[in-house]
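Report on the structure given below.
The values are calculated or read from the model by the stated rules, or taken from the named source; none is laboratory data. On a predicted model such as this, the values are computed, not experimentally measured, just so you know. Here the Cβ is made from the backbone with ideal geometry for all residues, glycine too, and neighbour counts use every protein chain on show.
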Amino acid sequence: MELWILGGSFLLLLLVGVPVAFAIGLSSVAAMLAADLPVALVFQKMVGGMQVFSFLAIPFFIFAGELMLHGGIAERIVVLANRLVGHVRGGLGMSNVLGCTLFGGVAGSPLADVSAMGSVMIPMMKREGYDADYAVNVTTHASLVGALMPTSHNLIIYVLAASGLAAVSVFGLILAALIPALILTLANLAAAYGVAVRRGYPTHGAFPGWAAVGAAFLAALPGLLVVVIILAGILSGVFTATESAATAVCWALLVTLLVYRSLSWRGFVEASAKAAKTTGVVLLLIGISAAFGYFMALYELPQKTAELLQQLSGDRPWLIFLLVNLLLFGLGTFLDMAATILICTPIFLPICQQAGMDPTQFGVMLLLNCALGLNTPPVGSTQFVGCAIGGVSVGQVMRSIAPFYGALGLTLLAVTYVPALSLALPRLLAG
């Protein structure tokens with residue numbers, strides 16, 4: 001009965017529009033009251049869930065992304081992407097995919113990516129005769145690669161959500177996400193090119209030459225180096241994952257203040273305020289989810305879910321993985337990325353481990369599912385931002401979204417059923 005109250009009240013609160021963090025907290029309180037447990041237990045679990053040293057990496061990565069967003073890196077990446085692929089048919093769409101991927105590696109946030117690159121690329125594409133729905137779909141799907149990049153704070157959240165269930169290192173997960181991020185980028189490029197050919201979009205001049213590409217690359221290089229610094233620093237043992245996040249902030253300040261000289265005082269204040277707000281939301285979700293997770297563990301929800309899936313699948317691992325993906329997709333359409341990771345990891349990680357999936361591979365699969373949820377109504381935050389910038393309705397964008405969903409879906413299936421795509425690099429470089 002307590003589990004029904006926990007799940008039913010949570011879904012009901014979501015449906016009536018209560019913010020996710022409050023829906024999780026209120027449903028936990030309702031379940032505690034039904035079980036005749038002290039309500040103070042909720043607050044004890046909240047505080048305990050947030051008192052983890054590794055969480056310091058989250059505000060640092062968020063702040064570094066916001067500094068890059070307000071510091072002028074996006075414009076330089078757009079120039080580099082246009083010079084590389086702008087001459088191909090539908091070149092602005094291809095440039096958009098490449099630019100969003102590069103900026104996603106710097107910012108580590110799909111929402112920041114679509115905000116920065118979308119505000120530049122979507123109006124530019126519309127002026128050049130591209131349909132608004134195409135411009136929005138290209139931008140929002142390409143920005144999802146940011147969820148898999150080394151600067152993504154969602155990688156840290158998964159590692160912490162998996163602690164106590166499996167041994168997953170931050171560096172191992174960063175390495176595991178690199179090849180899937182590359183595959184997703186190539187799939188997005190193929191989808192963008194295919195739609196551009198079908199709709200007859202134009203080319204945009206001749207290839208400017210490698211000298212022009214090299215000049216644009218050198219202009220964008222200081223911002224792009226943040227990814228190299230993080231990977232090289234952790235791999236060499238110079239600093240930990242938490243220290244790498246602080247290093248990313250220092251590098252972002254150095255680049256935007258001294259190299260580009262494009263970060264104004266107003267931009268710095270806006271970046272600080274946005275980072276503080278986002279950090280507060282994420283940490284509140286983490287604390288509330290700790291109480292929610294305690295109740296799920298107390299009433300053995302993961303074990304009961306595993307038994308149900310095994311009954312449905314007949315102990316066939318490939319079918320278990322497919323059902324888990326479908327459930328994650330369904331939940332991701334209603335929950336934000338951090339909430340999905342925190343709630344679903346304790347439930348589905350043990351199930352997939354029992355079926356033979358490595359926890360690091362599960363982390364990449366979960367992040368891809370969460371990214372898909374960011375671009376799916378009713379809680380598709382990146383899609384809403386893209387539509388607002390493009391001045392087009394969500395319904396119009398959804399009518400032509402199939403090729404881009406296909407690109408993300410094929411990448412998700414490849415990661416799910418080909419373990420080497422996510423495990424080869426960690427095993428090679430991290431032992």
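Looking only at the stretch 183-223, residues that are closer than 21 Å to MET149 by Cα and β-branched (Val, Ile, Thr) come to 2 in all.
For every residue, the table says whether it meets (1) part of a helix (DSSP H, G or I); (2) more than 24 Å from the chain's Cα centre (by Cα).
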| residue | (1), (2) |
| --- | --- |
| ALA211 | yes, yes |
| GLY214 | yes, yes |
| LEU218 | yes, yes |
| VAL226 | yes, no |
| LEU231 | yes, no |
| GLU243 | yes, no |
| LEU258 | yes, yes |
| ARG261 | no, yes |
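Just to be sure, is ALA181 at pLDDT 85 or above and among the small types (Gly, Ala, Ser)?
The answer is yes for ALA181.
Of everything listed in (1) part of a helix (DSSP H, G or I); (2) surrounded by fewer than 20 Cβ atoms within 10 Å (Cβ to Cβ); (3) in contact (Cβ under 8 Å) with a residue 12 or more places away in the chain; (4) within 21 Å of the chain's Cα centre (by Cα), the single unmet condition for GLN353 is (4). Within the stretch 263-273, the residues that satisfy the criterion of being surrounded by fewer than 19 Cβ atoms within 10 Å (Cβ to Cβ) and assigned to a helix (DSSP H, G or I) are TRP265, ARG266, GLY267, PHE268, VAL269, GLU270, SER272, ALA273. For LEU429, the conditions (1) within 21 Å of PRO150 (Cα to Cα); (2) without any contact (Cβ under 8 Å) to a residue 60 or more places away in the chain are fulfilled apart from (2). If we scan the stretch 137-159, do we find a residue that is in a loop (DSSP other than H, G, I, E, B), free of Cβ contacts under 8 Å to residues at least 24 places away in the same chain and not basic (Lys, Arg)? The answer is no, given that none of the residues of the stretch 137-159 is in a loop (DSSP other than H, G, I, E, B), free of Cβ contacts under 8 Å to residues at least 24 places away in the same chain and not basic (Lys, Arg). Which count do you get for residues in the stretch 60-93 that are closer than 30 Å to LEU283 by Cα, more than 21 Å from the chain's Cα centre (by Cα) and crowded, with 24+ Cβ neighbours inside 10 Å? Going through the stretch 60-93 one residue at a time, the tally reaches 1.
Residues checked against (1) buried (at least 16 other Cβ atoms within 10 Å of the Cβ); (2) touching a residue at least 12 places away in the same chain (Cβ under 8 Å); (3) farther than 22 Å from ALA177 by Cα; (4) not aliphatic (A, V, I, L, M):
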position: MET365; (1), (2), (3), (4): yes, yes, no, no
position: ALA371; (1), (2), (3), (4): yes, yes, no, no
position: PRO377; (1), (2), (3), (4): no, yes, yes, yes
position: ILE401; (1), (2), (3), (4): yes, yes, yes, no
position: LEU425; (1), (2), (3), (4): yes, yes, no, no
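The listed residues are SER422, SER400, SER393, and the only one of them that is under 28 Å from PRO19 (Cα atoms) and not aliphatic (A, V, I, L, M) turns out to be SER393. Scan the stretch 358-384 residue by residue and report those that are farther than 18 Å from GLY330 by Cα and either outside any helix (DSSP H, G or I) or within 11 Å of the chain's Cα centre (by Cα) (or both). ASP358 - this is the single residue of the stretch 358-384 that is farther than 18 Å from GLY330 by Cα and either outside any helix (DSSP H, G or I) or within 11 Å of the chain's Cα centre (by Cα) (or both). With respect to being at pLDDT 85 or above and surrounded by fewer than 14 Cβ atoms within 10 Å (Cβ to Cβ), LEU218 fits the description. Among the residues making up the stretch 385-417, those that are among the small types (Gly, Ala, Ser) and assigned to a loop (DSSP other than H, G, I, E, B) are GLY391, SER393, SER400. Scanning the stretch 9-36 for residues that are over 14 Å from GLY287 (Cα atoms) and surrounded by fewer than 16 Cβ atoms within 10 Å (Cβ to Cβ) yields a total of 9. Taking every residue in the stretch 220-234 that is closer than 11 Å to ILE77 by Cα and in contact (Cβ under 8 Å) with a residue 40 or more places away in the chain and pairing it with any residue that is in a helix (DSSP H, G or I) and of a type in the set (D, E, K, R), at least 6 positions away or on another chain, the pairs with Cβ-Cβ distances below 8 Å are ALA220/ARG76; GLY223/ARG76. Can you find even one residue in the stretch 194-205 that is surrounded by 15 or more Cβ atoms within 10 Å (Cβ to Cβ) and at pLDDT below 80? Within the stretch 194-205, one or more residues are surrounded by 15 or more Cβ atoms within 10 Å (Cβ to Cβ) and at pLDDT below 80.
Looking across the stretch 42-56 at every residue that is under 20 Å from the mean Cα position of the chain (by Cα) and at pLDDT below 75, the one that is nearest to GLY287 (Cα to Cα) is identified as PHE55. Evaluating ILE320 against the criteria (1) over 28 Å from ILE73 (Cβ atoms); (2) at pLDDT below 85; (3) in contact with a Cys (Cβ under 8 Å, 6 or more places away or on another chain) leaves one unmet condition, (2).
Being out of contact with any Phe, Trp or Tyr (no Cβ under 8 Å at 6 or more places or on another chain) and under 21 Å from THR382 (Cβ atoms) is the requirement here; does LEU182 meet it? So LEU182 passes the test. Collect the residues in the stretch 232-245 that are touching a Leu at 6+ places or on another chain (Cβ under 8 Å) and at pLDDT 75 or above, keeping them in residue-number order. Passing the criteria: THR242, ALA245.
Which number in (1) under 21 Å from GLY363 (Cβ atoms); (2) touching a Pro at 6+ places or on another chain (Cβ under 9 Å); (3) assigned to a helix (DSSP H, G or I) marks the one condition that LEU182 misses? For LEU182, the exception is condition (2).
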